[in-house]
Amino acid sequence: MAQFDRHRIQELLADALGDSGLYVVGLTVSDSVMPKITVTLDGPNGLGIQECAQVTRRLNRGMEEAYGEDAAYSLEVTSPGADQPLTDPRQYPRHIGRSLALKLQDGSEKTGPLTAVTDEGIEFTEVVKVKTKKTTLPAVFIPFGDIKEATVVISFK
């Protein structure tokens, strides 16, 4: 059974991505009889099925070259689900205008629209509910380092 090296897989993945503009937001390698390699990718405009298929083919070729054609593993290349937290600053710009639920390092939680993104953090307008009334506070800057978790609030209008 081939022993899969996470660092080597990251290198093969970088080659498979090339100059596509896509980036890795997650990589897991299970340690089981049939190892499962799960790659989660994103890009400035999201990730399409064609891009997933292309990266899968390229990564499979690289894996065969690195580990041999008989290496047994399953490979899943996917995009983050709508309910998955934003884990990379590059994920934020395409969500400008959408509402985010933030959990901050200090334990506080805030919800409201993302208004801008910089290299250092986000501009965010918190919406506070008091009983049945919503109040929008002035926009504030929140450094990426202060954000423990950020998820897009899915609304069905």
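The values are calculated or read from the model by the stated rules, or taken from the named source; none is laboratory data. All values derive from a computational prediction rather than experimental measurement. Cβ atoms come from the backbone with ideal geometry, glycine included; neighbour counts cover every protein chain shown.
See the values below:
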read-out	value
Total residues in region 1-25, condition touching an Asp or Glu at 6+ places or on another chain (Cβ under 9 Å) and surrounded by 14 or more Cβ atoms within 10 Å (Cβ to Cβ)	7
Cβ pairs under 9 Å, 6+ apart, first in region 103-132 and loosely packed, with under 12 Cβ neighbours inside 10 Å, second acidic (Asp, Glu) and modelled with pLDDT of 95 or more	Gln105/Asp146; Asp106/Asp146
Complete set of residues in region 104-152 that are of a type in the set (A, V, I, L, M, F, W, C), out of contact with any Asp or Glu (no Cβ under 9 Å at 6 or more places or on another chain) and modelled with pLDDT of 95 or more	Ile122, Ile147, Ala150
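A quick yes/no check of all residues on (1) within 11 Å of the chain's Cα centre (by Cα); (2) at pLDDT 95 or above; (3) among the hydrophobic types (A, V, I, L, M, F, W, C):
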site: Gly18; (1), (2), (3): no, no, no
site: Pro35; (1), (2), (3): no, no, no
site: Gly48; (1), (2), (3): no, no, no
site: Glu51; (1), (2), (3): no, no, no
site: Met63; (1), (2), (3): no, no, yes
site: Ala66; (1), (2), (3): no, no, yes
site: Ala71; (1), (2), (3): no, no, yes
site: Thr78; (1), (2), (3): yes, no, no
site: Gly81; (1), (2), (3): yes, no, no
